[in-house]
Structures are given as C-alpha cells and as structure tokens.
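In what follows, a single structure is set out as structure tokens and then discussed.
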Amino acid sequence: MAAESKPDNGLQRAADVTAQDREFLVALGRRVRDIRERRGMSRRALSASSGVSERFLAQLESGEGNASIVLLRHVAEALGAGLMEILGGGEAVEQRLVRRFLARLPAHRLEDVLFRLMREFGQEEAERKRRIALVGLRGAGKSTLGRALATELGVPFIELDREVETEAGMSLSEVFMLYGQAGYRRIEHQALERVLERADAAVISAGGGIVSEAETYNLLLAKCLTVWVKASPEEHMARVLAQGDLRPMEGSGEAMEDLRRILAARAPLYGKADVVIDTTGQSPAESLLKLRQAIAL
C-alpha cells in the first residue's frame, strides 16, 4: 500500500535557512527593535499592545524570527516582486511603478526625492509657513518658545498633547492606560488632522514621539514649517527635573541613559524638519531670537 502523501505547505524547507536568509532575519529583527526604540516602547509594552509574547519578540529582535517569512521572501523573489507587493494587495499600477522607482534609488538619494515630492505636490510653501510646528524631546523648550512666538505673530498656540486630551475626553495618562501606545498614536493623528483643518495660521507644539509615527509626522512635515528644537541630553534632563515631571523616564533607574538612547534613535527623524535650532545654554530670549532668524520671520 502506497504511503499516504502529505500536503506540501512549504514548511519542510523552514529548516533550510541559508546564510543570506539569516542575514535577512537579523536585519528584520534589527528594524523591529529600532522602530520600537524610536517609539520609546519597552518590549513589555509592545507585547501588551500587539498580543505577541515577549519571548517571541525577543527571538524576533535577535534575528531568530519564524522561518516562514523566509519562505515567503523566496516566493516573492521567484516572482520578481517584493514582500510588500505580495502582502499589500490592491495596489494601482501607478503606485507600483512609483514604488519600484523609489526602490531603485540609492539610500542617500531616497530621502531627498521624497522631500521634493512632498514639498512640490503638498501644501504651497507660503501657506505651509503660516503654521510653525515645533518638534523635539521634552525639555527642549518647545512650549516656552511656542507661546512666545505665537504671541509675537498674533496666532494661536496649540499644544498637540492637549488636543489629544480633548479628542479623547481624558488625560494623557488615562489614554495610555486604556488604549496603549497604538491607541494614543491613532488619536494623535486625528487631533492633528482637526488642528490643521481649523487653523490656517498657528504655532503648534508636537509631542516628542510624533516622529515615530510616519503617517502623522509626514502630515506635519507637509502642512507645516517644522522646527526641531534640540538641546543636549543633560539640558533636557535638567529642564524636565526643574518642571518636576519625569513621566518620560518613569520606572527607569537609568534615566539619563534612556534619554540618550531615545534621542539618538530619533535624531534622524527630527532631522527631517525644515530647520533646526539648538537651545543648549541659551536663555529663552536668546532661543526665541534664534528661532525667529531660523524661520526668517
């Protein structure tokens, strides 16, 4: 009697992971870890928000992810397609052509091309400059400078975190407790859309982590003249302590190291802003003058 054949689901090849496949899994794990750290999330917080065990996340970030993704990658390569083309579905021909064009660009040119497209086909420059958005970590001086600049310009000063509270009908701590990081980012995006709809001119202070949500940050970049208000890690910490607010470092025994790591991870994203001002060692008046000069007002 012939042996009963078993359906081939491809998983028998999962063990046959090549050196190139291992590099792929390591790179995938590194990207997941980098994205998580840019969002300022612990592995435990990501586990709670995603429903995925901390053990699996640890394996994924260390390059020991499920080999099934490698098999899917092999199928994509054989089809001459990318993973996103297989997973995305419903993509228009024009979108596919644009994506392939961008995929062929060298890494050092990609960011420049994206910004040119965003500026060229996004908000008109004059209209965009009527909204000044300040980004950066807590303690950089965004609120102090934002209020002062708004007063000088005679426009509203809007703190996006307060708009999130209004949108949700509760405090930020309650938003995080009930909805988690993902829920907060969703509400933040909705709040930003509403602010942009109602305010033709304003100074907006954005939360430090807005850069970690690409869709929301790109909206801010497209609709506002964006300023990265930066400072040294020591100055960030000193100002936060002076405010009596240690929420970003809550529960950490190594607050300064956490701050340095978050700042380093987010620096490339903050660097996408139109202009950068450094408030380290500056008085509020000196920083305001620097801000006015930077945005040519």
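Scanning region 2-24 turns up no residue that is small (Gly, Ala, Ser), open to solvent by 70 Å² or more (accessible area, probe 1.4 Å) and modelled with pLDDT of 70 or more.
Working carefully through the options Ala199, Ala168, Ala231, Ala222, find the one that is within 18 Å of the chain's Cα centre (by Cα) and not acidic (Asp, Glu).
Details: Ala199 fails: within 18 Å of the chain's Cα centre (by Cα); Ala168 fails: within 18 Å of the chain's Cα centre (by Cα); Ala231 fails: within 18 Å of the chain's Cα centre (by Cα).
Matching residue, one of Ala199, Ala168, Ala231, Ala222: Ala222.
Cβ separations smaller than 8 Å between residues 6+ apart or across chains give the following pairs from region 37-52 residues that are more than 20 Å from Met256 (Cα to Cα) and aliphatic (A, V, I, L, M) to residues that are assigned to a helix (DSSP H, G or I) and modelled with pLDDT under 80: Leu46/Arg36.
Once region 121-172 is narrowed to residues that are in contact (Cβ under 8 Å) with a residue 24 or more places away in the chain and of a type in the set (Val, Ile, Thr), the residue that is most open to solvent (accessible area, probe 1.4 Å) is Thr166.
The numbered conditions (1) touching a helix residue (DSSP H, G or I) at 6+ places or on another chain (Cβ under 9 Å); (2) under 30 Å from Asp34 (Cβ atoms) are all true for Met177 except (1). Any residue at all in region 128-148 that's modelled with pLDDT of 90 or more, touching a helix residue (DSSP H, G or I) at 6+ places or on another chain (Cβ under 8 Å), part of a helix (DSSP H, G or I) and more than 21 Å from Tyr270 (Cα to Cα)? Checking region 128-148: at least one residue is modelled with pLDDT of 90 or more, touching a helix residue (DSSP H, G or I) at 6+ places or on another chain (Cβ under 8 Å), part of a helix (DSSP H, G or I) and more than 21 Å from Tyr270 (Cα to Cα).
Apart from one condition, Ile86 fits all of (1) at pLDDT below 85; (2) among the aliphatic types (A, V, I, L, M); (3) within 22 Å of Asp278 (Cβ to Cβ); the exception is (3). Taken over region 149-185, the criterion of being under 29 Å from Gln282 (Cβ atoms), β-branched (Val, Ile, Thr) and in a helix (DSSP H, G or I) is satisfied by Thr151, Val164.
In region 26-50, which residue that is of a type in the set (Ser, Thr, Tyr) and part of a helix (DSSP H, G or I) is modelled with the highest pLDDT? Before the answer, list the steps.
If we filter region 26-50 for residues that are of a type in the set (Ser, Thr, Tyr), which is where we start, we get 42, 47, 49-50.
Checking the rest, the ones that are also part of a helix (DSSP H, G or I) come to 47, 49-50.
Details: Ser47: 82, Ser49: 78, Ser50: 78.
My answer is Ser47.
Flag: Ala182 does not match the condition of being among the small types (Gly, Ala, Ser) and out of contact with any Ser or Thr (no Cβ under 9 Å at 6 or more places or on another chain). Scanning region 173-194 for residues that are at pLDDT below 90, in contact with a Phe, Trp or Tyr (Cβ under 8 Å, 6 or more places away or on another chain) and crowded, with 17+ Cβ neighbours inside 10 Å gives a single hit, Val175. Of the strands (runs of 3 or more DSSP E) contained entirely in region 195-297, those carrying at least 1 residues that are charged (D, E, K, R), surrounded by 17 or more Cβ atoms within 10 Å (Cβ to Cβ) and at pLDDT 90 or above fall at 225-230.
The values are calculated or read from the model by the stated rules, or taken from the named source; none is laboratory data. This one's a predicted model, so the numbers in the text were calculated from it and none came from an experiment. Cβ sites come from the backbone with ideal geometry, for glycine too, and all protein chains shown count toward neighbours. Ligands, DNA and RNA are excluded from the accessible area calculation, which covers all protein heavy atoms including side chains. Shrake-Rupley method; radii C 1.70, N 1.55, O 1.52, S 1.80 Å.
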